[in-house]
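Heads up, the thing below is written out as structure tokens.
Just so it is clear, none of the values below were taken in a lab; they were calculated from the coordinates. Because the structure is a prediction, the values reported are computed rather than measured. Heads up, the Cβs are rebuilt from the backbone with ideal geometry, glycines too, and the neighbour counts pull from every protein chain shown.
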Amino acid sequence: MRRFRFKPEPTGVRTELGDLERTVMETLWEHGVCTASEVHQLVSRTHQVALTTIATTLERLCKKGLVERSGERRSYQYRATLSREQLERRIVGEALAHLAQRFPEALAVYFHRAPEEVSPEMLQRWAQEIRQMEEEEG
């Protein structure tokens with residue numbers, strides 16, 4: 001049986017990032033607060049991209065709520081509003097909510113049966129994380 005890659009539709013997971021967006025976010029996570037020019041200098045080490053493209057990408061990330069801008073025009077400072085872990089949890093949460101809405105029974109069966117792709121160690125890790133979240137909330 002041929003496997004296919006599930007890719008949520010654009011109206012589902014709005015926080016899914018493109019390659020350049022991911023690179024910009026990784027730059028902000030690593031270097032903290034940066035100007036568009038600083039991000040451009042850092043990203044240009046591995047990607048051939050114009051400063052205007054970086055500025056547009058930063059604005060797009062601001063609109064998604066993943067980056068915050070402060071300061072004056074031409075010297076805006078940008079910083080990530082979420083840590084990498086927070087963003088990953090947000091993406092996974094939105095994806096699972098989307099799947100639970102559209103395929104609730106299939107999702108429940110998937111987690112109940114824990115297919116070969118999910119190792120016992122991973123299930124234990126998930127259980128531990130759930131217990132930690134419950135302790136934090138409770």
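The C-alpha atoms of the chain define a longest principal axis, and helix 51-63 lies at about 50 degrees to it.
Which is farthest toward the positive dipole end of the stretch 78-138 among LEU96, SER119, LEU82, measuring Cα position about the Cα centre, with Cβ charges +1 (Lys, Arg) and -1 (Asp, Glu)? The one lying farthest along the dipole's positive direction is LEU82. Each residue of the stretch 18-31 is assigned a 3J(HN,Hα), and the resulting list reads x, 4, 5, 4, 4, 5, 5, 4, 4, 5, 5, 4, 6, 10 Hz, derived from the Karplus form 6.51 cos²θ - 1.76 cosθ + 1.60 (θ = phi - 60°), x at Gly and Pro. Extension gain for the segment VAL109 to GLU121, taken as residue separation times 0.36 nm less the Cα-Cα distance, is 2.4 nm to one decimal. For the stretch 84-137, the fraction of C-alpha pairs farther apart than 12 angstrom is 74 percent. The relative contact order of the chain comes to 23 percent, based on Cα pairs under 8 Å that sit 6 or more residues apart. Computed over the chain, the alpha-carbon pair-distance distribution with 5 angstrom bins reads 2, 8, 14, 17, 15, 13, 11, 9, 7, 3, 1, 0, each value a whole percent. Amide hydrogen proximity for VAL67: with H placed 1.01 Å from N in the peptide plane, the residues at 5 or more positions away or on another chain lying under 5 Å are CYS62, THR81. Of interest is the spacing of the C-alpha centroids, which for the stretch 90-138 and the stretch 15-47 amounts to 30 Å. Here the stretch 84-137 is assigned +1 on the Cβ of each Lys and Arg and -1 on the Cβ of each Asp and Glu. Its dipole about the Cα centre then comes out at about 200 debye.
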